[in-house]
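Since every read-out is calculated from the coordinates, none of them should be taken as a lab result. These numbers come from a predicted model, not from an experiment. Cβ placement follows ideal geometry from the backbone for every residue including glycine, while neighbour counts extend to all protein chains displayed.
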Amino acid sequence: MAAPGENMRVNADRLWDSLMDMAKIGPGIAGGNNRQTLTDADAEGRRLFQAWCDGAGLTMGVDTMGNMFMTRPGTDPDALPIYVGSHLDTQPTGGKYDGVLGVLAGLEVVRSLNDLGIRTKHPIVVTNWTNEEGARFAPAMLASGVFAGVHTQDYAYGRKDPEGKVFGEELQRIGWIGDETVGARKMHAYFEYHIEQGPILEAEGKDIGVVTHCQGLWWLEFTLTGREAHTGSTPMTMRVNAGLAMARILEMVQTVAMENQPGAVGGVGQVFFSPNSRNVLPGKVVFTVDIRSPDQKKLDGMRARIEAEAPKICAALGVGYSVEAVGHFDPVTFDPTLVATVRKAAEDLGYSHMNIISGAGHDACWAAKVAPATMIMCPCVGGLSHNEAEDISKEWAAAGADVLLHAVIETAGIAE
Ligand SMILES: [Zn+2]
């Protein structure tokens with residue numbers, strides 16, 4: 001039997017082959033995946049994962065949100081499990097690794113423990129959360145949110161996709177409504193391994209991101225009211241230009257974000273001009289400002305500043321103004337003990353590492369509400385994600401899985 005601290009590694013080839021086999025289910029149109037939640041492809045992916053878990057000796061529990069919990073027993077009957085997981089669902093034009101890596105690396109940890117003949121005191125539960133992506137049924141991280149008490153199950157069951165199909169009925173249709181009460185499980189710790197989905201680790205040449213925080217966010221939807229008028233025959237002094245007000249607000253958001261460095265971001269990704277005609281000044285402009293920071297005070301301060309400045313900008317141009325908060329997450333601080341465990345694992349294994357903040361939401365952000373939680377990240381090529389061209393190397397995948405293995409062993413304790 002291997003001793004604690006020994007230089008144990010996962011089987012990189014087996015992890016990679018599993019990733020490639022899962023990617024054959026729900027293929028995309030450009031080399032990635034379209035395995036959206038509660039589709040037939042999702043059901044097929046779940047069955048393959050279940051078969052692999054059966055082969056590794058895990059027993060399955062499924063809750064009423066379709067979350068899958070695959071348990072490797074521990075030796076201490078009183079010890080709460082260590083949960084390791086992420087999601088198997090993808091965006092409609094998603095990559096092969098977003099989410100999938102975290103689930104299959106969890107399986108690889110268990111397979112490696114089996115190979116090494118290691119038993120742990122705490123059980124280990126490899127987890128697949130339903131509907132992390134939120135592409136088909138908004139919002140994202142829906143089922144982990146119900147698990148953590150952020151949403152009710154009734155709310156989740158009633159969510160509709162763009163075709164009007166209902167979440168609860170689709171979960172039933174694909175045969176993955178379980179009998180466990182969602183959220184009844186108690187966790188000793190939760191680890192989620194994920195691709196970075198950003199460019200920092202690759203640019204810095206680091207193998208491992210030690211994730212300390214998840215950014216909080218506000219989505220502020222602005223509606224500006226101008227006066228529709230001919231762009232040629234309306235003198236500059238007589239315009240009520242909602243488009244110009246929007247441009248000045250965007251510039252102001254940029255300034256506010258830059259004044260809240262490090263870590264803060266702000267910008268606009270969605271704009272609707274009405275009537276959106278080349279030669280008509282817009283009568284109405286609707287756009288959403290997205291601001292994020294890992295620091296609650298900074299985040300709320302940015303919102304207050306933007307909501308104080310924007311009406312002045314509009315008033316100076318005679319433009320009507322309203323704003324509504326349409327999305328929000330509090331920042332998450334991951335468990336310091338688990339973060340230190342991940343960092344030490346990277347050091348013991350000789351992998352380069354740096355602290356990193358997750359700019360995207362993850363199931364771990366909700367798990368952190370009910371248990372000590374943290375994340376591990378690996379680089380992805382060009383920071384590209386939510387894109388069929390999303391790419392990582394076998395070595396990157398394996399390095400994070402090695403760190404996950406060591407962090408799990410450290411936390412679960414080796415049985416003597
Ligand atoms: Zn993901």
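Annotations
- Of the residues ALA304, GLY205, GLY66, the one whose Cα sits farthest toward the positive end of the charge dipole of the chain, with +1 on the Cβ of Lys and Arg and -1 on the Cβ of Asp and Glu, is ALA304.
- Net length gained if the chain between ARG173 and LEU250 were fully extended (0.36 nm per residue, minus Cα distance): 23.3 nm
- Cβ-Cβ distance of SER277 and GLU307, R₀ of 35 Å, FRET efficiency by 1/(1 + (r/R0)^6): the value works out to about 0.70.
- Estimated FRET transfer efficiency (ASP115, VAL326; beta-carbon r; R0 45 Å; 0.05): 0.40
- Note on the chain: with charges restricted to the Cβ of Lys and Arg (+1) and Asp and Glu (-1), its dipole about the Cα centre is near 1100 debye.
- Estimated from the Cβ-Cβ distance and a Förster radius of 45 angstrom, the FRET efficiency linking GLU204 and HIS230 is about 0.30.
- Cut-off 17 Å (backbone N to label point 7 Å along Cα→Cβ of ALA51), residues of the range 81-118: 104
- Sorted by Cβ neighbour density within 10 Å, fewest at the top, the residues SER352, SER233, SER293: SER233, SER352, SER293
- Note on the chain: the alpha carbon radius of gyration divided by the globular reference 2.2 N^0.38 Å gives 1.08.
- Ranked for footprinting exposure by Cβ neighbours inside 10 Å, fewest first, THR237, THR120, THR127, THR90 give THR237, THR120, THR127, THR90.
- For ALA229, the residues whose amide H sits under 5 Å from its own are LEU281, ignoring neighbours fewer than 5 places away on the same chain, with H placed 1.01 Å from N.
- Separation in nanometres of the label points that stand 7 Å from Cα toward Cβ, at ALA415 and LYS394: 3.4
- Cα centroid separation - the range 216-275 against the range 353-416, whole Å: 36
- The range 396-403 - phi-based ³J(HN,Hα) in whole Hz, Karplus 6.51/-1.76/1.60, Gly and Pro as x: 4, 4, 6, 4, x, 5, 4, 4
- Normalised convex hull volume, the range 329-416, alpha-carbon set, Å³ per residue: 124
- Amide H contacts under 5 Å for ASP89, placed H, 5+ residues apart: ASN131, GLU132
- Value of relative contact order over the range 249-332, rounded to a whole percent, pairs C-alpha under 8 Å and six or more apart: 27
- Around the amide H of CYS378, modelled in the peptide plane, lie the amide H atoms of HIS194, ILE195, GLU196, GLY209, all under 5 Å away and 5 or more residues distant in sequence or on another chain.
- Those residues of the range 38-75 whose amide nitrogen sits under 11 Å from the label point placed on GLU163, 7 Å along Cα→Cβ: 39-40
- Residue order, fewest to most beta carbons within 10 Å, for CYS314, CYS380: CYS314, CYS380
- Value of relative contact order over the range 1-112, rounded to a whole percent, pairs C-alpha under 8 Å and six or more apart: 33
- Mean separation of Cα contacts under 8 Å (6+ apart) over length of the chain, as relative contact order %: 24
- Cα long-axis angle, helix 296-317 against the chain (0 to 90 degrees, to the nearest 10): 20
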